[in-house]
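K.L.:
Got a structure for you, questions after.
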2 protein chains.
Amino acid sequence: MIEPAMIAANSRNFSGGPGALPESVLQQIQQAIAVVPETGLSILGISHRSAWFADVVREAEDNIRTLLGLGSDYHVLFLQGGATQQFAMVPLTLLHNRSAAAEYIHGGYWSGKAIAEASRSGNIKVVWSGANDRFTRLPAAEELQLSPDAPYFHYVSNETVEGLQFRQPMGLDSVPRVCDMSSDFLSRPCEAERFSLIYAHAQKNLGPAGVTVVVVRDSLLQNSPTDLPGFLDYHSHIKAHSNYNTPPVFAIYVVLLVTRWLLHDIGGVAAMAHINQRKAELLYGLLDQSEGFYRGHARPADRSLMNAVFNLATPELEQRFLSEALTAGFHGLAGHRSIGGIRASLYNAVTLAAVEELAQFMTDFRARHA
Amino acid sequence: MIEPAMIAANSRNFSGGPGALPESVLQQIQQAIAVVPETGLSILGISHRSAWFADVVREAEDNIRTLLGLGSDYHVLFLQGGATQQFAMVPLTLLHNRSAAAEYIHGGYWSGKAIAEASRSGNIKVVWSGANDRFTRLPAAEELQLSPDAPYFHYVSNETVEGLQFRQPMGLDSVPRVCDMSSDFLSRPCEAERFSLIYAHAQKNLGPAGVTVVVVRDSLLQNSPTDLPGFLDYHSHIKAHSNYNTPPVFAIYVVLLVTRWLLHDIGGVAAMAHINQRKAELLYGLLDQSEGFYRGHARPADRSLMNAVFNLATPELEQRFLSEALTAGFHGLAGHRSIGGIRASLYNAVTLAAVEELAQFMTDFRARHA
């Protein structure tokens with residue numbers, strides 16, 4: 001039988017993603033796998049053309065509008081293909097018939113992926129790279145030399161692998177801002193209306209892998225090409241209310257539940273940011289007071305509230321840390337395979353209590369191994 | 001609380017898709033939402049880079065190989081984007097640098113969608129269309145004039161909307177066969193090795209919406225282009241074992257559970273076909289003996305074992321049928337919005353018992369309204 005304690009154990013999931021979901025959301029999903037009361041059917045067997053599902057999409061969209069304070073000139077879409085598909089859709093859409101280069105910040109692993117993919121589809125220019133600093137810092141606004149003629153300016157707001165996060169919107173207000181917010185979407189207020197396009201896959205703060213939220217200002221798409229395959233054309237999805245072809249019904253339903261939780265249980269993104277701030281301060285405070293036992297990767301000014309990335313003195317000690325942490329019930333703490341080390345991801349659904357438990361474990365571990 | 005009877009009610013889901021899932025699979029999913037015992041985490045919070053998930057992909061792939069009897073020259077992939085994405089990926093991949101037209105059968109609504117999408121990406125030719133017969137029949141092999149020089153030949157094995165199904169592989173053995181089997185994949189033996197590429201989204205016979213299975217012969221991809229966006233390049237997905245970017249972990253896990261059920265509980269696709277045959281015979285027998293009360297859409301020789309499409313004398317009577325059916329606990333019987341009427345979809349997870357109950361309801365309804 002399924003014990004509530006089993007669900008509660010998920011709050012100790014510090015994975016970089018797919019990550020933790022709120023306990024109350026997991027309980028609702030369990031119920032919905034058997035039956036969604038309004039429909040008499042499992043969530044997995046409900047038609048994507050049903051009135052019930054149209055309401056799910058509408059409410060999820062409205063909740064995101066409310067959480068971000070978006071005006072009616074924005075569309076909110078639920079697509080497939082992850083951020084990776086957006087890496088291509090953005091230049092395919094916005095660099096059509098444009099000769100000027102789109103400008104990209106190379107702030108870490110994921111912006112590198114976005115740049116590689118965009119290069120295949122159009123003319124882009126990297127205006128800043130953290131490669132020479134092993135992606136331990138992000139640029140200040142005044143370090144960037146940006147062109148007012150760029151078709152758009154792209155960056156990743158939170159670099160999940162290296163644990164770096166911008167504190168405020170970058171770029172010029174006169175050039176369309178396009179931002180991959182996959183790992184910090186809805187984790188804090190973001191001045192959404194200063195962006196022309198925001199995309200975020202669900203599996204950090206929003207829901208399960210398999211759906212990606214796109215927020216796009218209508219005017220950005222005025223000159224987009226008309227000969228793209230239908231599923232790569234934002235217009236197809238806008239016209240069809242995210243039902244151009246069968247959407248990932250289950251994943252979108254979970255996003256709805258998570259946005260309800262954010263709105264009604266947490267109280268919105270400012271309240272969420274306050275909790276996230278406390279979680280991050282607790283963990284970074286512990287690193288800073290560890291006398292070099294735990295060594296943060298990112299420059300303190302650019303530390304991410306979502307992903308705390310750090311090292312111990314040796315790879316052997318890191319392995320020991322991971323193995324003892326797992327025994328103690330803390331999951332997903334291994335760093336990204338590209339850089340190793342330790343990463344504690346502190347997404348919305350990771351509770352302050354879970355972070356306090358992790359901090360206690362880290363204090364004890366240091367006492368045993370320092 | 002969740003009652004087992006609630007899960008059991010899902011077996012009366014006759015929807016065209018997303019459709020029913022086996023009761024035992026729904027029970028396992030409920031458990032996995034709380035915790036997958038081997039991992040200590042909810043299925044929604046497990047990393048796509050974990051060893052556990054690599055095993056899930058490997059076993060799901062192996063099960064499909066076993067069910068179809070595929071040799072090692074085939075790749076089995078789990079992608080996003082549905083059949084719609086395949087409508088574009090196939091011509092983008094196979095018509096690159098080719099001047100000869102790919103040949104398509106226009107057998108119904110869904111092959112029409114495939115043709116429209118393929119036309120944007122390359123040179124294609126429609127070799128047969130059922131449009132003038134309102135898609136009530138499919139061509140016999142000898143009706144087709146096929147070119148031995150076509151880069152590939154494409155058709156849809158089961159037309160979900162009109163309820164038409166091919167009885168055997170169409171096309172020339174010398175031209176690569178590409179087939180959309182979305183609505184009859186793994187419902188019967190299909191001589192898979194006579195195909196070069198088969199694709200099928202999950203939400204009929206395989207799992208929830210959000211994942212698409214592609215079976216592709218390695219040699220078909222020898223001359224494919226190298227400049228496609230990565231997620232549209234079959235090679236990217238082959239190299240990464242369906243983990244090129246974060247895959248829909250949950251949907252793939254459900255596909256694994258369904259393939260286990262097919263292999264171990266049902267006993268394979270031949271055994272499944274036998275059950276599906278009995279379900280369809282029961283329902284079509286009832287139509288044929290109804291003295292015109294229930295009027296089948298498809299010519300009997302081309303009737304689908306998966307989707308029984310029929311009309312009643314008037315739209316009003318059809319509405320009454322749908323409303324009384326729903327009251328009696330039968331879901332998803334409305335015909336596709338493009339043609340209306342009634343559609344009873346008899347996918348793998350719809351039990352013979354559920355079809356017997358529906359047949360009884362239909363007999364009673366006729367007695368009340370004839």
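K.L.:
What is the percent carbon and sulfur in the accessible area of the range A:26-265, measuring with a 1.4 Å probe over the protein chains and ignoring ligands?
P.N.:
Details: 3690 of 8000 Å².
Whole-percent figure for carbon plus sulfur exposure: 46.
K.L.:
Counting heavy atoms of the protein chains only and a 1.4 Å probe, report the per residue accessible area for the range B:26-265 as a whole number of Å². Don't jump to the answer; show the numbers that get you there.
P.N.:
Numbers: 8000 Å² over 240 residues.
Averaged over the residues of the range B:26-265, the accessible area is 33 Å².
K.L.:
OK, next. What are the extents of the Cα atoms of the range A:1-79 along their three principal axes, listed from largest to smallest and rounded to whole Å?
P.N.:
Result for the range A:1-79: principal-axis Cα extents of 46, 33, 19 Å.
K.L.:
Now, a different point. Using a simple spin-label model with points 7 Å from Cα along the Cα→Cβ vector, what separation in nm is obtained for B:Gln360 and B:Ala100?
P.N.:
5.7
K.L.:
Enumerate the calculated ³J(HN,Hα) couplings along the range A:8-23 in order (Karplus 6.51 cos²θ - 1.76 cosθ + 1.60, θ = phi - 60°), each rounded to whole Hz, writing x wherever the residue is Gly or Pro.
P.N.:
Taking θ as phi minus 60°, the curve returns 4, 4, 5, 5, 9, 8, 9, 5, x, x, x, x, 5, 10, x, 4 Hz for the range A:8-23.
K.L.:
One decimal, nm, shortest first: give the distances between the label point of A:Asp288 and those of the same position in the other copies, each label point 7 Å from Cα along Cα→Cβ.
P.N.:
With the label placed 7 Å along Cα→Cβ, A:Asp288 yields 8.1 nm.
K.L.:
Restrict the search to the range B:1-65; then list the chymotrypsin sites (Phe, Trp or Tyr not before Pro) that DSSP places in a loop and that have at most 14 other Cβ atoms within 10 Å of their Cβ.
P.N.:
On the way: sites: B:Phe14, B:Trp52, B:Phe53; in loops: B:Phe14.
Listed in order of number, the matching sites amount to none.
K.L.:
Would you kindly work out, in nm and rounded to one decimal, the distances from the label point of A:Asn223 to those of the same position in each other copy, ordered shortest first, with label points 7 Å along Cα-to-Cβ?
P.N.:
Copy-to-copy label distances at A:Asn223, shortest first: 3.8 nm.
K.L.:
Here is a follow-up. Could you please report the charge total around B:Ala334, scoring K, R as +1 and D, E as -1 over all other residues with beta-carbon less than 10 angstrom from its beta-carbon?
P.N.:
Values: positive: A:Arg49, B:Arg337, B:Arg343; negative: B:Glu318.
My count for the surroundings of B:Ala334 gives +2.
K.L.:
Let a ≥ b ≥ c be the square roots of the eigenvalues of the Cα gyration tensor of the range B:150-197; is it rounded (a/c under 1.5), or, if not, prolate (a/b larger than b/c) or oblate?
P.N.:
Working: a/c = 2.16, a/b = 1.56, b/c = 1.39.
It is prolate, given that a/c is not under 1.5 and a/b is the larger ratio.
K.L.:
Shortest first and in nm with one decimal, please list how far the A:Pro300 label point sits from its counterparts in the other copies (point 7 Å along Cα→Cβ).
P.N.:
Spelled out, the distances from A:Pro300's label point are 8.5 nm.
K.L.:
Compare each residue of the range A:241-276 in its chain alone against the assembly with all protein chains, and report those whose accessible area goes down by 40 Å² or more; 1.4 Å probe, heavy atoms.
P.N.:
Those are A:Asn245, A:Thr246, A:Phe250, which lose 40 Å² or more relative to the chain on its own.
K.L.:
Let me ask you something else. Counting only residues 5 or more places away or on other chains, whose amide H sits under 5 Å from the amide H of B:Leu41 once H atoms are built in the peptide plane?
P.N.:
Under 5 Å from the amide H of B:Leu41 lie the amide H atoms of B:Val36, each far enough along the sequence or on another chain.
K.L.:
Mean-square fluctuation check for chain B, GNM, Cα pairs under 10 Å: which of B:Gln86, B:Gln28, B:Gln277 is largest?
P.N.:
Comparing B:Gln86, B:Gln28, B:Gln277 in the GNM, the peak value goes to B:Gln28.
K.L.:
Tell me, how many Å apart are the Cα centres for the range A:1-70 and for the range A:71-94?
P.N.:
The two parts, judged by their Cα centres, are 23 Å apart.
K.L.:
Classify the range A:85-154 from the C-alpha gyration tensor, please: rounded if a/c falls under 1.5, else prolate or oblate depending on whether a/b exceeds b/c.
P.N.:
Values: a/c = 2.73, a/b = 1.43, b/c = 1.92.
Cα axes put the range A:85-154 in the oblate bin.
K.L.:
Sticking with this one: Need one number: buried accessible surface between chains A and B, 1.4 Å probe, both sides summed, DNA, RNA and ligands left out, in Å² to 100. Intermediate results must be reported in sequence, preceding the final value.
P.N.:
Working: alone 15690 and 15700 Å², together 26910 Å².
Protein heavy atoms only, the A-B interface buries about 4500 Å².
K.L.:
Using the 2.2 N^0.38 Å rule of thumb for compact globular proteins, work out how the range B:144-246 stacks up: its C-alpha Rg over that value, please.
P.N.:
1.15
K.L.:
Moving to a separate point now. Non-local amide H neighbours of A:Asn307 (under 5 Å, H modeled in plane, Pro and chain starts lacking H): which ones?
P.N.:
Excluding prolines and chain starts, which carry no amide H, the hits are A:Leu346.
K.L.:
While we're here: Calculated from DSSP H runs of 4 or more alone, at -39500 (n - 2.57) each and per residue, what is the 222 nm mean residue ellipticity of the protein assembly as shown, nearest 500? Could the numbers behind the result be given before it?
P.N.:
Values: 20 runs with 260 residues, N = 740.
Value at 222 nm, helices only: -11000 deg cm²/dmol.
K.L.:
Which one, B:Tyr199, B:Tyr155, B:Tyr294, has the greatest fluctuation when you compute a Gaussian network model over chain B with C-alpha springs under 10 angstrom?
P.N.:
The residue with the greatest mean-square fluctuation here is B:Tyr294.
K.L.:
Quick check: convex hull over the Cα atoms of the protein assembly as shown, volume per residue in Å³, rounded to an integer? Intermediate values should be presented prior to the final figure.
P.N.:
Values: hull volume 114.0 nm³, N = 740.
In the protein assembly as shown, the Cα hull volume divided by residue count equals 154 Å³.
K.L.:
Whole angstrom only: what separates the Cα centroid of the range B:127-202 from the Cα centroid of the range B:278-317?
P.N.:
22
K.L.:
I've got another one for you. Karplus couplings for the range A:272-282 from phi (6.51 cos²θ - 1.76 cosθ + 1.60, θ = phi - 60°), rounded to Hz, Gly and Pro as x?
P.N.:
Those phi angles translate into 4, 4, 5, 5, 4, 4, 5, 4, 5, 4, 4 Hz.
K.L.:
Quick one: if you take sqrt(5λ) for each eigenvalue of the C-alpha gyration tensor of chain A, what semi-axes come out, biggest first, whole angstrom? Please list the in-between numbers first.
P.N.:
Values: eigenvalues 218, 164, 51 Å².
Equivalent ellipsoid semi-axes, largest first: 33, 29, 16 Å.
K.L.:
A further question follows. Using a 10 Å Cβ count of at most 12 others and DSSP loop calls, identify the longest part of chain B lacking such GluC sites (Glu not before Pro). Don't jump to the answer; show the numbers that get you there.
P.N.:
Values: sites that count: B:Glu38, B:Glu191, B:Glu291.
With a cap of 12 other Cβ atoms within 10 Å, the longest stretch comes to B:39-190.
K.L.:
Using 7 Å Cα-to-Cβ label points, what is the B:Ala328/A:Leu172 separation (nm, one decimal)?
P.N.:
6.9
K.L.:
Now for a different question. Report ³J(HN,Hα) in whole Hz for each residue of the range B:118-130, in order, from the Karplus equation J = 6.51 cos²θ - 1.76 cosθ + 1.60 where θ = phi - 60°; Gly and Pro get x.
P.N.:
5, 4, 6, 10, x, 8, 10, 9, 8, 8, 7, 9, x
The values are calculated or read from the model by the stated rules, or taken from the named source; none is laboratory data. Source: prediction; values computed, not measured. For neighbour counting, all protein chains shown are included, and Cβ atoms are generated from backbone atoms with ideal geometry for every residue, glycine included. The protein model used for the area step is the full one, side chains on, heavy atoms only, and it has no ligands, DNA or RNA in it. Shrake-Rupley method; radii C 1.70, N 1.55, O 1.52, S 1.80 Å.
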